[in-house]
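What follows is a single structure, written as structure tokens, with notes after it.
The values are calculated or read from the model by the stated rules, or taken from the named source; none is laboratory data. None of these values were measured; they are calculated from a predicted model. Heads up, the Cβs are rebuilt from the backbone with ideal geometry, glycines too, and the neighbour counts pull from every protein chain shown. When the accessible area is computed, the model is the full protein with side chains, heavy atoms only, and any ligands, DNA or RNA have been set aside. Shrake-Rupley method; radii C 1.70, N 1.55, O 1.52, S 1.80 Å.
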Amino acid sequence: MATYNSLRMRKPFKIFLMTTGGLLGTLLLAAVAFNFLSPELGGKPTKAERVAFARTGHYRDGEFRNLQPTEVMTGGSTISTMWKFLTQTTPHADPPGPLPLQKLDSLTITQKTPELVRVTWFGHSATLVEIAGQNVLLDPMLSIGMGPARWATPKRYNPELAIRPEQLPAIAAVLISHDHYDHLDYQTVQKIKDKVGVFCVPLGIGAHLRAWGVAPEHIREVSWGDSVRLPGLTLTSTPSRHFSGRGLGNRNSTLWTSWVIKSAAKRLFYTGDGGYGAHFADIGRQYGPFDLALVECGQYNEDWAEIHMRPEQSVQAALDVRARVMLPVHWGAFTEARHPWNEPVRRASAAAKAHPELLFTTPRLGQPVVLGALLPQEHWWEALSIEGNR
């Protein structure tokens, strides 16, 4: 009888294993297929390029390294962290509806003077900087979905953007901070590559762009401290504290960076992604002060505390680089961490109040910030908070 009951128990358990095993196997095969077949994965640096990477002093044993020891996962394994993300509910992780959006007329971008410095944030980190009479585009993730498996990745809060990538005028330079999908978007690159003068990217990312049909003469790969010079403009790569990788087995095969944008009259800084560290003060001493800093502020968690800043650290980073104005980015588009969608801007805004020397600007999506003019400081997210809490 015991044997019979055991057999009866084993049969549904075997069916369960076959079912779940088949599902997991299918997902694994899909992941492998994406890793080798999807064009979104990009390319791989050549052996000669990897030899050159090693001469920078930032690349060892086949991987780029941070200036200070950095753990990608500080709260356990990647699997345990993903399990928490999938199984734990975060109140108000998404807004109750689309965020307020100000449509950007492409004609206004063509109407500028060399003295104008205008910054337009599109959500997450994608930002247009108009400076020295030229257009500079930062981390242009301008798609609604993200990555090759869009059914499995976070969806953008808004079903449309302030401007479609194909509506953008000529772009002098695209600056990429690192190759994660929420910063380097294959679909956007396909739509804008023929109107971009030069893609300025960290070491290794040129392989992605070449695989996507960008001509090599339109790509400039840089290490920390390298500069790209355009008429009236200098674009300098500076350190950040992060990691990279777009597929299975290529973590840290490309570099990550922050950016200094300098004209004859103004200086701007973009942190890219990364944890807090002494590099901000170093950048402030060497390249500051800055008229405006676009600072990562969002998608943080104690499980990855060394590769993304908490909001209070974001404010400190702006102070460290000696910024006059801080514009928080890396929020307002996707939910990629276990915190309420507007917590980053609420906490950073509160922290900035203790530092009257730092102006904190919070434009709506698509609302231009013009240096020398009145800065947008409306707490527009508060009305959405009240609505979402009802």
(message) I need the GluC sites (Glu not before Pro) found in region 312-390, filtered to DSSP loop residues with at most 12 other beta carbons within 10 Å of theirs.
(response) 357
(message) Ignoring everything except DSSP H segments at least 4 long, calculate the 222 nm mean residue ellipticity for the chain; use -39,500 (n - 2.57) per segment, divide by total residues, nearest 500.
(response) -8500 deg cm²/dmol
(request) For the chain, give the share of DSSP beta bridges that are antiparallel, in percent and rounded to the nearest 5; count only bridges with both residues there. (result) 55 percent
(request) Indicate the gyration tensor shape class of region 301-356 (rounded, prolate or oblate), computed on the Cα atoms with a ≥ b ≥ c the square roots of the eigenvalues: a/c under 1.5 is rounded; otherwise a/b larger than b/c is prolate and the rest oblate. (result) prolate
(message) I need to check one value: relative contact order of the chain, counting alpha carbon pairs closer than 8 Å and at least 6 residues apart, in percent.
(response) 19 percent
(message) In Å², and per residue, what accessible area does region 33-168 have when probed at 1.4 Å with the other protein chains present?
(response) 52 Å²
(message) In whole percent, and with a 1.4 Å probe on the protein chains, what portion of the accessible area of region 106-186 is carbon and sulfur?
(response) 58 percent
(request) Looking at region 65-175, send over the antiparallel percent of its DSSP beta bridges, to the nearest 5. (result) 75 percent
(request) Starting from the Cα-Cα distance between residue 218 and residue 285, subtract it from 0.36 nm times their residue separation and give me the gain in nm to one decimal. (result) 21.0 nm
(message) Using a 1.4 angstrom probe on the protein heavy atoms only, could you order 243, 269, 85 from most to least accessible area?
(response) 85, 243, 269
(request) With everything on Cα atoms, drop me the angle between helix 78-87 and the longest principal axis of the chain, reported from 0 to 90° to the nearest 10. (result) 90 degrees
(message) As a test, work out the antiparallel percent of DSSP beta bridges whose residues both lie in region 147-268, rounded to the nearest 5.
(response) 60 percent
(request) Tell me the GluC sites (Glu not before Pro) within region 136-224 that lie in a loop according to DSSP and have at most 12 other beta-carbon atoms within 10 Å. (result) 160
(message) Rounded to the nearest percent, how much of the accessible area of region 279-343 (1.4 Å probe, protein heavy atoms only) is carbon and sulfur?
(response) 43 percent
(request) Could you grab the Rg to Rh ratio for region 233-286? Cα atoms only, Kirkwood for Rh. (result) 1.06
(request) Distance check, please: which entries in 44/103; 44/112; 112/353; 47/155; 155/193 exceed 29 angstrom between their Cα atoms? (result) 44/103; 44/112; 112/353; 47/155
(message) Contact order normalised by length for region 148-200, with contacts defined as Cα pairs under 8 Å and 6 or more residues apart; what percent is it?
(response) 43 percent
(request) Hand me the trypsin sites (Lys or Arg not before Pro) from region 38-144 located in a DSSP loop with no more than 13 other Cβ atoms within 10 Å, in residue order please. (result) 55, 103
(message) Between 0 and 90 degrees, rounded to the nearest ten: what's the tilt of helix 2-37 against the longest Cα principal axis of the chain?
(response) 30 degrees
(request) Please give, to one decimal in nm, the separation of the simple spin-label points placed at residue 353 and residue 229, each 7 Å out from Cα toward the Cβ. (result) 4.7 nm
(message) For region 248-390, take the convex hull of the Cα atoms, compute a quarter of its surface area, and give me that in nm², please.
(response) 10.4 nm²
(message) Looking at the chain as a GNM with Cα springs under 10 Å, which of 249, 272, 298 has the largest mean-square fluctuation?
(response) 249
(message) How far apart, in nanometres, would the label points at residue 379 and residue 68 be if each is projected 7 angstrom from Cα along the Cα-to-Cβ direction?
(response) 3.2 nm
